[in-house]
Amino acid sequence: MRVLVTGGAGYIGSVVTAQLLAAGHEVVVVDDLSTGHQDAVPPGAVFHELSTASLDPVLGSWAIDAVIHFAARSLVGESITEPSAYWRNNVSGTLALLDSMRAHGVGSIVFSSSAATYGQAVEQPIREDAPARPTSAYGRSKLAVDMALTDYATAYGIGAVSLRYFNVAGALRTPSGGYGERHTTETHLIPNALRAVDGGPPLQLFGADYPTDDGTCVRDYIHVVDLGDAHLRALGVVEPAAHHVVNLGSGAGYSVRQVLTAVGEVTGEEVPVIEAPRRPGDPPVLVASNAAAAQLLGWRPERDLNRMVADAWEFHRFGRAAG
Ligand code: UFG
């Protein structure tokens, strides 16, 4: 299959591109490099520095069978202070992509959605039919695209699968380093904890007074390689005129303190921690039901939290050695 990957120079996009190539697919990557890194695009993929909004003049000549659409702004906090960037990139950019796909007869899309579409869910684990009450412009932008996909499937016959990610972590390791998180502004727990162990600033623990067993927030962590595997499976279940929405999580929750314990076990160093106030917008618990992923995709995550931390640590250390 010839697959167009938007955002293939980013964290998850680069991992999935490498997995697609390993599975024998041809891959065309587009990325405007606003947050991605060109050297993260796996060798073997054709790369174009382009935004999704400017694809229309060229898409028709690429003979694309399916699109996996990652390109987006993805920081919850930033989306609250800078919503315009989120509505423009994530919503307008995707609508432009969908209309180009229609114009050029590309009928299949796998979309990078988010658990942020649910917001503060009442029932855990969260099923796909839970009420969507996003608490940020980021979550609302992802939900808006999910809604558009339903309408485009019904009216125009496109086939779509929205994958709602929970907390993605880890790296795809290769002898030359691999593909992992390299965000300029890093807000995620595991990379920040690894940086703290490695001589960086102490980890700020945002809130120890939540109504959970140890007072810290509980999240559902998923290894990026397992997540990528679900994308390849999703390509195989896209069907015309249908839009499926599927959670990708492990079904198990870990508190911030449990994650820090795992980081300590893997690195052999206790994580330096400073207790800080709650971070605005953090719900106490977010855990996925992954029953739909098992049923539709035949998918189950295989790599546990310690493996995520170990792969992220190796990737971090390789990057440090490479300078
Ligand atoms: N945390 C800290 N210190 C840090 C970073 C995080 O204590 O330096 C805590 C957070 O407060 C939260 C937990 O660790 O309780 C996890 O935080 P992350 O930032 O790693 O992840 P989030 O759960 O906030 O966000 C993730 C994705 C989002 C997605 C969201 C769905 O990164 O894209 O899940 O709710 F929208």
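A short reminder: the numbers here are calculations on the coordinates, not readings from a lab. Computed from a prediction, not measured in an experiment: that's the story for all the values here. Every residue, glycine as well, gets a Cβ built from its backbone with ideal geometry; the counts of neighbours run over all protein chains shown.
Between region 1-76 and region 195-232, how many Å separate their Cα centres?
Spelled out, the Cα-based centre of one part sits 27 Å from the other.
Which residues make up the longest stretch of the chain that has no trypsin sites (Lys or Arg not before Pro) in a DSSP loop with at most 15 other Cβ atoms within 10 Å?
Longest stretch, sites excluded: 128-277.
From the P(r) of the chain, can you give the percent of Cα pairs sitting at distances over 31 Å?
27
Let me know the Kirkwood hydrodynamic radius for region 180-323, please, with Cα pairs as the basis and the value in Å to one decimal. The partial results should precede the final answer.
Details: mean 1/r = 0.0600 Å⁻¹.
Here the Kirkwood hydrodynamic radius works out to 16.7 Å.
Let's test this: bin the Cα-Cα distances of region 65-188 at 10 Å from zero up to the farthest pair and state each bin's percent.
Per 10 Å bin, starting at zero, the Cα-Cα P(r) for region 65-188 comes out as 12, 39, 34, 15, 1 percent.
Rank these for me by crowding, Ser255, Ser141, going from fewest to most other beta carbons within 10 Å.
The order, fewest Cβ neighbours first, is Ser255, Ser141.
For region 9-100, what class follows from the C-alpha gyration tensor (a ≥ b ≥ c being the square roots of its eigenvalues): rounded when a/c is under 1.5, otherwise prolate if a/b is larger than b/c, else oblate? The partial results should precede the final answer.
Values: a/c = 2.23, a/b = 1.38, b/c = 1.62.
Oblate, since a/c reaches 1.5 and b/c is not below a/b.
Among Gly228, Gly159, Gly105, which one shows the biggest mean-square fluctuation in a GNM of the chain, springs joining Cα atoms closer than 10 Å?
Greatest mean-square fluctuation among the candidates belongs to Gly105.
Ignoring the sites themselves, what is the longest stretch of the chain with no GluC sites (Glu not before Pro) in a DSSP loop and at most 11 other beta-carbon atoms within 10 Å?
124-301
How much net charge surrounds Leu33 when only the other residues with a Cβ under 15 Å from the Cβ of Leu33 are counted, with Lys and Arg +1 and Asp and Glu -1?
Taking every other residue near Leu33 into account, the sum is -2.
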